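Written below as structure tokens is the structure these notes are about.
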């Protein structure tokens, strides 16, 4: 529960930021943070790096697009209170399926299998016109109006994003202390011993992927409302790698790393082009990411933690 | 807690400095969106040159107001174009946006423009048909054509001059080639030709053998709407498999880089017609002046303006002319400026008169080119026909044209 408090400073943003900072920077960072949280969760507690997070987010995004209001004449419109649970269920199911496929893989093999699933989904969305509208995808997707509050307005939308981010963090923090959460960590550390005491590992691993799908799916709904569109580009290699970069620079060891990484990523992505000659801005982004990874192997979260530890030690020494 | 507080202090400092950014009221800010990363980076850069050229020719100011340009990059995806535009509008406070480069991005910005009625969008080089034809937006202007307009002249040339009756189509499976095929088939079918089969391939396909062997043997020619490496791969494999049918090219199929590449397929291209709005070495007087001005301003640019420099230039040039007419007055949600844009007429670098139709889409010039062998054995494109005043409904009654429905893999059809 404690680490959900880390999100609280984000709640102060509406007091000083204009709409651009509110939605484009902090809102987008939190959305990407939620999707990256799903990767950090798998990496930290199941010990598996998955490349399929953008895919799970894409599944819920496409569900919202297909069954919601859009401007491309594909799909059928259902009320939002049906669509939203459906989108979450579909994303969780996609997590289950990916978990079943990748259940025996570790390390680089898990990366390759999840990447293969992600890329296959990308090409599928690009070439299927009946459900995914191919290359063009869906546009004109609108967040609904709930009880008189239009979720397309910056402030309500931001408050929704921040609540989802907090809930997801609390879910992760609560879940890892539950019996199932502890079993997942046991499977990470010593799968053979888990088997030896009579617990089958497959359902445990699959349920971890299902939770990851649930979290990525929540982020995916917010993302499709933020972009107001979804197409094969949204589940391609670019977004897949972005999510990994966010999780790595933030720190894979703690859930909060996902949000720190997302904020750093969004700031870089948005403003690098202002700081440096335009043909070179990707070099700047690359160099900063390289510097973070070299200077802080555990990500920004790990770096801050070690600074904090050193600071505390010095205070303690001074007191002696 | 510490980390987060630190990040927050840092970002709020950044935020505050951003709010305090000085903006003189007299500056006119133009945001430019182009693709500056990935495979299109060099071409996207040329689009930016087009805008810079238009502003440099105006002396960097309009009626005493300085013009400032702010560049953002997209990566050919609609999402990135929308993010770039939002940043330009909400953070940099631009008055106008020139861009984007590719078709799906254009559709995305057209949708976005409806949410920002106070900003005027001028299309860069994106050429999707529906950007202006269906569901158009009051503040989205395209001083250029769409992919169908870029093929005008080719269909009738292929039928009437080259005598082709039956043509097979090989094209990439997305919106721009659909539109190109529509532009070709509208004329070709109206002239009495037939297209028995269309082959759609995914972008970036390497193996075309299944298509090569499926092309009916009784067709007179093959219309190839592929770009870059896809075109080279297809043409090579078609030639190696013993295919001998003449080729008809789309707007991005037979460019100079293909003509300069090595391989026996090149001989097959001699005489191949193609449609395009921009011919780099066109010898019209206006084009020569434009090209000279381009080379003078950008000695390290291309040897001649590309299709992207040409189109971005026309949009920026139109904006500057309209701004001059209203003396830089952008008040009242730019109403006067937009009225000036709507009624604008100017001579384009290709020598025609640019003006807009009721959907704010350009009425443009188009070229039919053909591949020829120079004396030194190298290949080039030369102009065989210039078609003036091409409108978006390709010379048909707009209502009839609209009634034919949205372009897709199966529309139009004349087997």
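The values are calculated or read from the model by the stated rules, or taken from the named source; none is laboratory data. Model, not experiment: these values are computed from the prediction. No Cβ is skipped: glycine too gets one built from the backbone with ideal geometry, and neighbour counts run over all protein chains shown.
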Residues located in the stretch B:35-69, provided they are facing another protein chain (nearest Cβ under 9 Å) and either in contact with a strand residue (DSSP E or B) (Cβ under 6 Å, 6 or more places away or on another chain) or within 23 Å of residue A:136 (Cβ to Cβ) (or both) | B:36, B:37, B:48
Looking at A:199, A:215, A:211, which is the one that is closer than 23 Å to residue A:101 by Cα and surrounded by fewer than 24 Cβ atoms within 10 Å (Cβ to Cβ)?
-> A:199
Residue among A:29, A:57 that is within 12 Å of chain B (Cβ to nearest Cβ) and under 18 Å from residue A:238 (Cβ atoms) = A:29
Considering only helices (runs of 4 or more DSSP H) fully contained in the stretch B:299-406, which possess at least 1 residues that are on the phi > 0 side of the Ramachandran plot and without any contact (Cβ under 8 Å) to a residue 12 or more places away in the chain?
-> B:331-343
Segments classed as helices (runs of 4 or more DSSP H), wholly inside the stretch B:175-253, with at least 1 members that are in contact with a strand residue (DSSP E or B) (Cβ under 7 Å, 6 or more places away or on another chain) and within 14 Å of chain A (Cβ to nearest Cβ) | B:175-190
Check A:81, A:45 and return the single one that is outside any loop (DSSP other than H, G, I, E, B), over 17 Å from the mean Cα position of the chain (by Cα), surrounded by fewer than 24 Cβ atoms within 10 Å (Cβ to Cβ) and away from chain B (no Cβ under 14 Å).
-> A:81
Pick from the stretch B:256-282 the residues that are assigned to a loop (DSSP other than H, G, I, E, B) and free of Cβ contacts under 8 Å to residues at least 40 places away in the same chain: which of them is nearest to residue B:386 (Cα to Cα)?
-> B:280
Give me a count of the residues in the stretch B:70-101 that are more than 22 Å from residue A:154 (Cα to Cα), in contact with a strand residue (DSSP E or B) (Cβ under 7 Å, 6 or more places away or on another chain) and within 11 Å of chain A (Cβ to nearest Cβ).
-> 7
Unique match (being more than 19 Å from residue B:408 (Cα to Cα), under 21 Å from the mean Cα position of the chain (by Cα) and in a helix (DSSP H, G or I)) among A:113, A:141 | A:113
Check whether at least one residue in the stretch B:213-223 is closer than 22 Å to residue B:130 by Cα and in contact (Cβ under 8 Å) with a residue 12 or more places away in the chain, and report yes or no.
-> no
Within the stretch B:94-117, the residues that are over 17 Å from residue B:137 (Cα atoms) and either modelled with pLDDT of 90 or more or not assigned by TED's automatic domain parsing to the domain that holds residue B:39 (or both) are B:94, B:101
Filtered residues of the stretch B:201-238 (kept if in contact with a helix residue (DSSP H, G or I) (Cβ under 8 Å, 6 or more places away or on another chain) and over 18 Å from residue B:268 (Cβ atoms)) | B:201, B:202, B:203, B:204, B:205, B:206, B:207, B:228
If only one of B:386, B:390 is within 17 Å of the chain's Cα centre (by Cα) and either under 20 Å from residue B:127 (Cα atoms) or loosely packed, with under 13 Cβ neighbours inside 10 Å (or both), which one is it?
-> B:390
Give just the number: which of (1) part of a helix (DSSP H, G or I); (2) touching a helix residue (DSSP H, G or I) at 6+ places or on another chain (Cβ under 7 Å) does residue A:123 not satisfy?
-> (2)
Wholly inside the stretch A:203-320, helices (runs of 4 or more DSSP H) that include 3 or more residues that are at pLDDT 85 or above and within 12 Å of chain B (Cβ to nearest Cβ) are A:237-250, A:257-275, A:299-319
So which of B:356, B:321, B:341 is over 19 Å from residue B:100 (Cα atoms) and surrounded by 14 or more Cβ atoms within 10 Å (Cβ to Cβ)?
-> B:321
